[in-house]
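Heads up: the structure comes next, in structure tokens.
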Amino acid sequence: ELQPLAVQPAATDLHLLLDDIHEYATALCAQQNNRFHYHAPDRMPRQISVDGKRLRQVLLNLLANAAKFTRDGVVTLSVTAQPKGDACALHFAVSDTGIGIDLEQDVDIFGAFQQIQAASGSTGLGLFIAQRIVSAMGGSLRVASTRGEGSVFSFALSAPVIGASGAAWGATLQRQAKLPE
């Protein structure tokens, strides 16, 4: 089950995918009294060739971890998109103001069955699987973290734009969700 995960690029509506993730993350964050922020460029390609199911899986895993290890804080999904010929360079970052990770302990947080917090009740496979998926898509999952201050998990991908003309780059939905004060 831990063999490389199959990635099957197909036409994917990036705006719809990110809108779905936004709704899910808002609900996740509310469970721990967190605010969810979403930052995206004014314009992104509408249709790209990427395995949307796997991209969604990675982003939801990172957001679920951020929400789980943050209480009364902020979880943020930031997306950037840069045209690169007929493709798009996408960068995704999930940051939180949670408990953070002590990266100086020489712990491979992307290793199978690795759990940062033993009491989390998780299997420890989420980051391992996310790293494998991102790698199969041509990227690399990175982490920056400070114990007690939060974490940032990020990765970059290149995806062909479907209908690579300027009209293929549409305006994105800009919204921010947070709990009432």
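FYI, it's all coordinate maths here, none of it is from the lab. In this text, all values refer to a predicted model and were calculated from it rather than measured experimentally. Positions of Cβ are backbone-derived with ideal geometry, glycine not excepted, and every protein chain shown enters the neighbour counts.
Please give, to one decimal in nm, the separation of the simple spin-label points placed at ASP86 and ASP72, each 7 Å out from Cα toward the Cβ.
Those two pseudo-labels are separated by 5.4 nm.
Using 0.36 nm per residue of separation minus the Cα-Cα distance, give me the extension gain between SER158 and GLN8 in nm, one decimal.
Result: 52.6 nm gained on full extension.
Spin-label point model (7 Å from Cα, Cβ direction): what's the LYS53 to GLU149 distance in nm?
In this crude spin-label approximation the distance works out to 4.0 nm.
Determine ³J(HN,Hα), in whole Hz, for all residues of region 9-18 in sequence, where each value follows from phi through the Karplus function 6.51 cos²θ - 1.76 cosθ + 1.60 and θ = phi - 60°; x replaces Gly and Pro.
Per-residue couplings from phi come out as x, 8, 4, 10, 7, 4, 4, 5, 4, 5 Hz.
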